[in-house]
Amino acid sequence: MIKLPNARRPRRETSPAEPTRAALVQAALKLFGRQGFDGTSTRQIAAEAGANIGSIAYHFGGKEGLRAAAADFIVATIQAVAGQALGAGERLGHGQAAASDPEAAGAQLFTALERMVGFIVAQPQAGEIVQFVLRELSYPTAALDRIYDGVFEPTHRRLCQIWEQATGEPAESERTRLTVFTLIGQVIYFRIGREAVMRRMGWRDIGAAEAAKVVAVTTDNLGAILAARKGPGMKGSKQ
């Protein structure tokens, strides 16, 4: 069984209004992803959150501010998950050193892939996050800028840096950047194609047990790519 990543945000002192604010963000994340920004009313969001409609203006200044808050929630959540695999104490993607040697870097890539599957494929919350992001990718707004700058670019850059340490291929080469996109993309498919995957595999759900099977295949794929790039010496390095 794989270990599912803990995506909880750090605990902090909360005000009495904080639960309402958090509920509104969660409601917006769900409804914007499912219905789109224009297709979702503030009344629907308030009802989903069990809050007074006036609380949206009070906490966020309006629906647009709420969309920005939902984007910030996504950034914080994914940063927490990525930090567990890529270095919790490091600022992702800003020139820090990769793992100390090729074998350690390779192991870090396998850990990162396993964590991605554990969150994106197995965690229910990831479904709402992915839906929201897919809508932003289709119809970009300032919310996508926040997500790209806060998560996409730095996490991808960090993975490219680790790839360079593992293989010797330049982190910012076109080939490395595309390779990292393929590693991420194979995981994302199991979320966006979830219904088709379950039907074809005969699964009633995709939980930890099914995610472990996805990990086995995706890490095999990673191992094959690394072995091809580095030669026979890389085989078996995922242990």
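The values are calculated or read from the model by the stated rules, or taken from the named source; none is laboratory data. All of these numbers come straight from a predicted model, not from anything done at the bench. For neighbour counting, all protein chains shown are included, and Cβ atoms are generated from backbone atoms with ideal geometry for every residue, glycine included. The area values use the complete protein model at the heavy-atom level, side chains included, leaving out ligands, DNA and RNA. Shrake-Rupley method; radii C 1.70, N 1.55, O 1.52, S 1.80 Å.
Residue check: is ALA122 surrounded by fewer than 17 Cβ atoms within 10 Å (Cβ to Cβ) and under 30 Å from PHE37 (Cβ atoms)? It is false that ALA122 is surrounded by fewer than 17 Cβ atoms within 10 Å (Cβ to Cβ) and under 30 Å from PHE37 (Cβ atoms). Only one entry in ILE78, ILE129 is crowded, with 18+ Cβ neighbours inside 10 Å, closer than 22 Å to LYS30 by Cβ, modelled with pLDDT of 95 or more and within 11 Å of the chain's Cα centre (by Cα), namely ILE129. No other residue among ILE147, ILE184, ILE225 is at pLDDT 95 or above and closer than 20 Å to LYS30 by Cβ apart from ILE147.
Considering only residues that are under 15 Å from the mean Cα position of the chain (by Cα) and open to solvent by 20 Å² or more (accessible area, probe 1.4 Å), look in region 136-145 and name the one that is nearest to ARG191 (Cα to Cα).
Within region 136-145, the first condition is being under 15 Å from the mean Cα position of the chain (by Cα), and the residues that meet it are 136-137, 144.
Retained after the next criterion (residues that are open to solvent by 20 Å² or more (accessible area, probe 1.4 Å)): 137, 144.
On the way: LEU137: 16, LEU144: 19 Å.
That would be LEU137.
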